[in-house]
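Below is one structure, written out as structure tokens; comments come after it.
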Amino acid sequence: MGVPGHPELKIGKIVAGAVIMMARAMPTPQFPTAPVHAARLAPGGERFDAPADMPLLLAAEAAGLALPSSCRNGTCRTCLCQMTQGQVAYRIEWPGLSAEEKAGGFILPCVAYPVADVVLRAEPARWL
């Protein structure tokens, strides 16, 4: 017998007047896996995996690379670098770049999500 409002529970047995609840085996939710792109830093050549659902700055850090950063929300511009190959998308309306900077290939890795393999011209990274 199930518990109203709690489909994951069922009444298992009654012991000495107490109701023992048992959790039903619920299927594990399946989430689609985001594509993983290749990222490379120039001129040093460091490479790291860049999942499409993670900003490039966090992907670099997950791989053990430290890039310059401060705010992590696209306003301070500390992480500003030039993308020489590839494509990124932003989930914020205006990521703190001028139209000229965007046209010149500049990005903010703290809020830039890769949609293809990328090459970034960045200050030399250090390994974490």
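Every number here is computed from the coordinates shown, using simple stated rules; none is lab data. In this text, all values refer to a predicted model and were calculated from it rather than measured experimentally. Using ideal geometry, Cβ is built from the backbone for each residue, glycine included, and neighbour counts are taken over all protein chains shown.
Any chance you could list P(r) for segment 36-127, counting all Cα-Cα pairs in 10 angstrom bins from zero, rounded to whole %?
19, 59, 22, 0
Modelled label-to-label distance, residue 62 and residue 36, 7 Å Cα→beta-carbon offset: nm?
0.8
State to the nearest 20 debye the size of the charge dipole of segment 36-127 about its Cα centre, where the only charges are +1 on K and R beta carbons and -1 on D and E beta carbons. List each step's numbers first, then the result.
On the way: 8 positive and 9 negative charges, 24 e Å.
For segment 36-127, the charge dipole is close to 120 debye.
Pulled fully out, how much extra length does the chain show between residue 117 and residue 87, if you take 0.36 nm times their separation in residues and subtract their Cα-Cα distance?
Extending this stretch completely gives an extra 10.1 nm.
Stretched out fully, how many nm does the piece from residue 127 to residue 100 gain, at 0.36 nm a residue minus the Cα gap?
Values: separation 27, 0.36 × 27 = 9.72 nm, distance 3.15 nm.
Residue separation times 0.36 nm, minus the Cα-Cα distance, leaves 6.6 nm.
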